[in-house]
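Have a look at the structure below, then the notes.
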Amino acid sequence: MVEAVEGAGVVVTGAGGGIGAALARRFAAEGARVVVNDLDAARGQAVADEIGGIAVPGDASAIVGAARDALGGTVDVYCANAGVAFEGGDADGPLDEKAWATSWDVNVMAHVRAAHELLPDWLERGSGRFVSTVSAAGLLTMIGAAPYAVTKHGALAFAEWLSLTYRHRGVKVHAICPQGVRTDMLAATGSAGDLVLQPTAIEPEAVADALVKGIEEDRFLILPHSEVAAYYQARAGDPDRWLTGMNRIQQQWEESR
């Protein structure tokens, strides 16, 4: 058992399946008390029943109060995991107003709103843990998915800001940045996901394992795909070379469609 998790009150948004369900199961196995949130009430309830958790359905942006009440007044770990992905950003252009607005609201502003609700109590107590499911797209990018890539960069930036602003006051922040994970979201990425993500895709349980290890080691950046660290360094060290390489992948994708 991980000391920081055992007995903790944990909230996982978007936990009706995929990475969220894997996180909920792993936290429960570590002895945590888990609130399972999902827009799909039936899916969330099924996971909650499976792990002995508490289902709190609804929009991830607005469930902090209900989740806190369900846990007896205290949230120790909040996993901002709910996310959306839309294809967009190919040769026809990146503009789809609805996709951009929804991506921004779910992938970034839901995290901001949750933190706004959680921080007063955490700062008063001098402890709290915010987990952001970002994706390697937030460190790198993703072809064919402009709203997803850009808003995941935003999610990472917000997690970084939370960490640098509040770490001396007891707030821990973790950013999970996997590449492909075998979930419904990956299946919906279409040919771009088939080309870039499927070859090295991992199971959601591997992401949960990486998070628990990262919590135990008190690390901000959690990379279930270890090779992402080298890609991130290459991007920072020589942006033009990296962009040229990514453009080759873009061309390969266009030619395969």
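The values are calculated or read from the model by the stated rules, or taken from the named source; none is laboratory data. This structure is a prediction, so every number in the text was calculated from the model and none was measured. FYI the Cβ positions are ideal-geometry reconstructions off the backbone, even for glycines, and counts take in every protein chain you see. Just so you know, the surface numbers come from the protein's heavy atoms only, side chains and all, with ligands and any DNA or RNA stripped out. Shrake-Rupley method; radii C 1.70, N 1.55, O 1.52, S 1.80 Å.
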Checklist entry - Of these, G18, G72, which one is open to solvent by 10 Å² or more (accessible area, probe 1.4 Å), touching a residue at least 40 places away in the same chain (Cβ under 8 Å) and in contact with a Pro (Cβ under 9 Å, 6 or more places away or on another chain)? => result G18
Next on the checklist: Return the residues of region 40-60 that are within 16 Å of the chain's Cα centre (by Cα) and open to solvent by 20 Å² or more (accessible area, probe 1.4 Å); say none if nothing qualifies.
Outcome noted: D59
Next on the checklist: Pull out all pairs, ordered by first then second residue, where Cβ-Cβ is under 6 Å, the residues are six or more apart or on different chains, the first lies in region 113-133 and is over 17 Å from E160 (Cβ atoms) and modelled with pLDDT of 95 or more, and the second is among the small types (G, A, S) and in a helix (DSSP H, G or I).
Outcome noted: R113/S61
Item to check | Number of the condition not met by V112 [criteria: (1) within 19 Å of G17 (Cα to Cα); (2) within 14 Å of the chain's Cα centre (by Cα); (3) open to solvent by 10 Å² or more (accessible area, probe 1.4 Å)] | outcome: (1)
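Yes/no per residue for (1) touching a Gly at 6+ places or on another chain (Cβ under 8 Å); (2) under 21 Å from A4 (Cβ atoms):
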| site | (1), (2) |
| --- | --- |
| L119 | yes, yes |
| W122 | yes, yes |
| S132 | no, yes |
| A145 | yes, no |
| F158 | no, no |
| L162 | no, yes |
| Y166 | no, yes |
Next on the checklist: List the helices (runs of 4 or more DSSP H) inside region 135-197, counting only whole elements, that have at least 1 residues being at pLDDT 95 or above.
Outcome noted: 146-166
Next on the checklist: On the basis of being within 21 Å of L164 (Cα to Cα) and in contact (Cβ under 8 Å) with a residue 24 or more places away in the chain, does R219 make the cut?
Outcome noted: yes
Item to check | Residue list for region 236-257, filter: open to solvent by less than 80 Å² (accessible area, probe 1.4 Å) and not in a helix (DSSP H, G or I) | outcome: D238
Checklist entry - Which of the residues spanning region 202-235 are open to solvent by 50 Å² or more (accessible area, probe 1.4 Å), touching a helix residue (DSSP H, G or I) at 6+ places or on another chain (Cβ under 6 Å) and either assigned to a strand (DSSP E or B) or under 20 Å from T183 (Cβ atoms) (or both)? => result E205
Next on the checklist: For the structure I just gave you, tell me whether V106 is within 15 Å of the chain's Cα centre (by Cα), modelled with pLDDT under 95 and open to solvent by 10 Å² or more (accessible area, probe 1.4 Å).
Outcome noted: no
Checklist entry - Restricting region 121-142 to residues that are of a type outside the set (S, T, Y), under 17 Å from the mean Cα position of the chain (by Cα) and open to solvent by 10 Å² or more (accessible area, probe 1.4 Å), which is nearest to G170 (Cα to Cα)? => result R129
Item to check | Scan of region 147-166 for residues that are open to solvent by less than 40 Å² (accessible area, probe 1.4 Å) and either out of contact with any helix residue (DSSP H, G or I) (no Cβ under 8 Å at 6 or more places or on another chain) or among the charged types (D, E, K, R) (or both), ordered by number | outcome: K152, S163, T165
